[in-house]
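To start, the structure itself, in structure tokens.
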Amino acid sequence: MLYLQMAITGISMGMLYALMAMGLTLIVKAVGVLNFAHGQLFMLGAYLTYWLTHQLGLPLWGVIICGVIVFAICGAAYMFSVYWPLRNSPWKVTVTISTLGASIALKELVQIVWGTIPLTMKPIVNGVIHIGTVYLNYQYLFIIAIGGGLMALVYILFEKTFLGKVMQATAQDRYCAELIGIPTIVSIMATYMISLTLSGTGGWLAGPLFLVSSSLGSLAQKAFAGMVLGGFGNVKGAIVGCLLIGMIESFGLIITDAYKDAIVFAVLIIVLVVRPTGIFGEKISEKA
Amino acid sequence: MKKAISIMLVVLMVFGLAACNGKKDPDPETKETIKIAVIDAFTGDKAVNGQYSKEGIELALAEINEKGVLGRQVELIYEDGQGKETETTNAFQKVTAEHKLDAVILDKYSSDVLAVEQFVAENGLPTFCQGSSIKIEGSSTKNLYSTRRSDAGAGGSVVAFIKEQGVKKVAILHSPDALGQSMGKVVVDGLAKIGVEVVSDQQFANEDQNFTNYIAKVLASGCDCFVAIAQTTHSAQIMIAAQEAGLSQGDNAILCIGNSAFVQQSSIQNALEASNNWYACTAFSPTISLEPTASWIKKYNDTYGRLPDMTSACMYDSLKMLAYAMEQAGSTDPEKVNAAIQAITDFKGVVASYGYQGNPMMSKAEYVCHIEDQKSIVKQIVYAE
């Protein structure tokens, strides 16, 4: 039964990493920038939903609607402050460095606004199931459900809608996209808005479990690992990679507690040695 | 003539060199402020501690500056160490290079204190900290002092409490830092000596946010007592996970014991009802009814509108003890102040009574608290042997 608990917590942690990794991958595909502030955007999502829930006192439906709007606005603001002014810099890594700066700035910003003491957020779904010595918090199951739903929505958006096709076109070749009349600025902005909505939702889901604090951003390390494991720049790979990281992390505890993170990164290294492009990396190179 | 000029030049040179090299005696009437550096986590993940520290030390500063020390005002110079070894080392070197300091006060993280220990020894300034590691206790740095008991003492208190409760099987979960490693070892060794079986001994990672699986392993171990050792940032998360698992509350609840972090205000505020029913061995509790602590807690609450944390009280005591030692020494000369600190046998602070015992750990008492209705209630006072 212990394995069941570890499997569920592993999948739900993997879902949280996947929400971050999906956003990261979308930005990588759209503008070719690795966003090092993504963990802090996840953290910002937790703080913003705390603000909507506990400070403005909105009901759940209000938090969901306003949350999506606020995340989207923040995504656009993030793009215009961190990416857009530096997009034509002759030094390619300028924007990446700018995201590193943004990560520090965001961390300090939330501490100025909400203080340094971690905040307690009420569970979105309250309760715990006990089966023998096993206990499962409903919140973990909720994370799996919402995470799965969002993944399905992203798939539908990119594969079945006109906006998704526009965004894919911009990601594949921005110059050609502009030639055929696609407003790439809107397309890139939409990518940032979706990316922050995914990460922000992850923060909203994680906040009740792990407290709302600036250290929430540290979860991004595993999201980066999952993204690389699955295949850099591949959304499906990012999801699979993150779910694997979550499971390895969870079951690694059976072998060792002190070195469970070492197991996660050892697996990552082994996979990259055997398959340098990650699990789904080959398909990208074929596309390219 | 030439000889006379040569003699005059030699005399002038000797006087000139003497003037350049000669140490200026400190003017007892000088109104220059006494400068004390305070290095703590003012930004970053551990900034909550820096906030409590600042509140506590500012309270002491206001009281001290009402009368002054040796007729001078005390000035605090805050430097941000972020609760990290590298940042604390940089902060220490920066502040000691930029200012002519009279003393230094460091944060509560033993690993930070150990990181700057060699620099503390080199500059000889009286340096207070709140670290409790066994390595600090064993430090040969004569100008380093802590307002805490060592982890060996706190771990010993945990073992003694477990023995009293008649526990047979214990599960331990501890942090990977100096606190978790050293106190965890003391508890494991102590339990072995009294014949209590350790059925699970786990160490979590600093980056961990999710304690569900650790607690699941504790449950599966069949223990009848759970000991957790962590910093404030993780203690609330552990208490929440333990409550969800029915470990600390409910029909199948077992004895849950934590270190001082578990009864601090910041932890209780975060864990809320999940904090109930936990025991902890701590240097300080905001519900202590003994004087002068009770009056100080009231004053703190009136000033800041919230109860103090252990770090607030330790910082308050550090500055008060430094001011007392300077008055006793009649000087801010580091050697004299160090001698005055080492002559302290019974300084009544708000955390405890302090005395120099031949090592940096100056606190002479500790409390066993129980959390009831989200308030830590003192159940026992444990005195240092």
For the structure I just gave you, tell me whether B:ALA178 is touching a Phe, Trp or Tyr at 6+ places or on another chain (Cβ under 9 Å) and modelled with pLDDT under 90. yes
Is there a residue in segment A:200-211 that is more than 30 Å from B:SER266 (Cβ to Cβ) and part of a helix (DSSP H, G or I)?
no
*Within segment B:236-256, can one find any residue that is more than 11 Å from chain A (Cβ to nearest Cβ), within 21 Å of the chain's Cα centre (by Cα) and either buried (at least 24 other Cβ atoms within 10 Å of the Cβ) or closer than 26 Å to A:SER215 by Cα (or both)?*
no
Exercise. Does B:ILE297 qualify as being of a type outside the set (Phe, Trp, Tyr) and closer than 27 Å to B:MET183 by Cα?
Worked result: no
Selection over segment B:80-114 where residues are of a type in the set (Gly, Ala, Ser) and either in contact with a Cys (Cβ under 9 Å, 6 or more places away or on another chain) or open to solvent by 10 Å² or more (accessible area, probe 1.4 Å) (or both) yields a count of 3
The condition of being surrounded by fewer than 21 Cβ atoms within 10 Å (Cβ to Cβ), within 14 Å of chain B (Cβ to nearest Cβ) and not in a loop (DSSP other than H, G, I, E, B) holds, among A:ILE254, A:ILE248, only for A:ILE254
Within segment B:293-322, of all residues that are part of a helix (DSSP H, G or I) and charged (D, E, K, R), the one nearest to the chain's Cα centre (by Cα) is B:ASP317
All conditions in (1) outside any helix (DSSP H, G or I); (2) within 13 Å of another protein chain (Cβ to nearest Cβ); (3) surrounded by 15 or more Cβ atoms within 10 Å (Cβ to Cβ) are true of A:GLN111 except (1)
Residues of segment A:193-216 being closer than 16 Å to A:ASN35 by Cβ and open to solvent by 10 Å² or more (accessible area, probe 1.4 Å), in sequence order, are A:MET193, A:ILE194, A:THR197
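Matching residues to (1) within 14 Å of chain A (Cβ to nearest Cβ); (2) within 22 Å of A:LEU109 (Cα to Cα); (3) at pLDDT 95 or above; (4) not in a strand (DSSP E or B):
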{"position": "B:THR30", "(1), (2), (3), (4)": "no, no, no, yes"}
{"position": "B:ILE36", "(1), (2), (3), (4)": "no, no, yes, no"}
{"position": "B:ASN49", "(1), (2), (3), (4)": "yes, yes, no, yes"}
{"position": "B:ILE57", "(1), (2), (3), (4)": "no, no, yes, yes"}
{"position": "B:ALA60", "(1), (2), (3), (4)": "no, no, yes, yes"}
{"position": "B:GLY83", "(1), (2), (3), (4)": "yes, yes, no, yes"}
Listed by range, helices (runs of 4 or more DSSP H) wholly within segment B:115-213 having at least 2 residues that are open to solvent by less than 10 Å² (accessible area, probe 1.4 Å), away from chain A (no Cβ under 14 Å) and not hydroxyl-bearing (Ser, Thr, Tyr) are B:151-165, B:178-193
Going through (1) assigned to a helix (DSSP H, G or I); (2) farther than 29 Å from A:THR120 by Cβ one by one, A:SER215 fails only at (2)
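The values are calculated or read from the model by the stated rules, or taken from the named source; none is laboratory data. Quantities reported herein were computed from a predicted structural model and do not represent experimental measurements. Cβ atoms come from the backbone with ideal geometry, glycine included; neighbour counts cover every protein chain shown. Ligands, DNA and RNA are stripped out before the accessible areas are found, and what is left, the full protein with its side chains, is counted by its heavy atoms. Shrake-Rupley method; radii C 1.70, N 1.55, O 1.52, S 1.80 Å.
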